[in-house]
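Everything below concerns the one structure shown next.
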Amino acid sequence: MDSDFKNCYERIPHEYLEATGKGFWTNIDFEKQQELYKQISKSTFNEIWMFCKSTEYKTGKETKSLCANSTGKYYKYLSNLGNQNPRIAKYAERINASGDFNGLDIQYWNVLNDKKHFDLNNPNIQLILAIHYLLLNDQEKRNEKWIAE
């Protein structure tokens, strides 16, 4: 709900959770998140995300990982929004350069302190944050063996 998003985000004990070594998004129930994914059409899902292979450095273990679709409609949406919001433009540029949403691209203190570019009452910002944190949680918790498609 629009009225709850800002208050909810501001009440999250970001600093405490980060001090424990985990982002607040790791409190998202991954099973419920996967149920949410099922409610998103496959075509819409694929405009936002794609699956890619991640390799653990020490073990060489290859796993399936959710990544940004830097050619999809969501990326284009970010680029267009970036025309009015330089902070979102920078975020979109990093996604294009790396092909991923990086946890360092949007830090909670940026969101809480930069009210001009991160207006938590703005539905565009709410959507961007929701997608960003869903991806970070997915990357933290998904543990599927990579199978070449």
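So which GluC sites (Glu not before Pro) in region 56-101 pass both tests, a DSSP loop state and at most 13 other Cβ atoms within 10 Å of the Cβ?
When the GluC sites (Glu not before Pro) of region 56-101 are filtered for loop state and at most 13 Cβ neighbours within 10 Å, Glu56 remain.
Enumerate the amide H contacts of Trp146 below 5 Å, restricted to partners 5 or more residues apart or on another chain; note that Pro and chain-start residues carry no placed amide H.
Glu62, Thr63, Lys64
Once the whole set of protein chains is in place, how much accessible area is left on Thr63, using a 1.4 Å probe, in Å² to the nearest 10?
30
Within the chain, what's the longest run with no trypsin sites (Lys or Arg not before Pro) in a DSSP loop and at most 11 other beta-carbon atoms within 10 Å? Give the range, please.
Details: sites that count: Lys22, Lys58, Lys115, Lys116.
The longest uninterrupted stretch comes out as 59-114.
Which whole number of Å³ per residue matches the convex hull of the alpha-carbon atoms in the chain?
Dividing the Cα hull volume of the chain by its residue count gives 128 Å³.
Which of the lysines could be linked to Lys58 by a straight reach, that is with a Cα gap under 21 Å, when you skip same-chain ones fewer than 8 residues away?
Lys141, Lys145
Calculate how large, on average over all directions, the projected area of the Cα convex hull of region 27-71 is; give the answer in nm² to one decimal. Present the calculation step by step, with values, prior to reporting the outcome.
Details: hull surface 17.3 nm².
Computing the convex hull of the Cα atoms and averaging its projections yields 4.3 nm².
The values are calculated or read from the model by the stated rules, or taken from the named source; none is laboratory data. Here the structure is a predicted model, which means the values were calculated and not measured. Note that each Cβ is placed from the backbone with ideal geometry, even for glycine, and that neighbours are counted across all protein chains shown. SASA here: full protein model, heavy atoms, side chains in, ligands and nucleic acids out. Shrake-Rupley method; radii C 1.70, N 1.55, O 1.52, S 1.80 Å.
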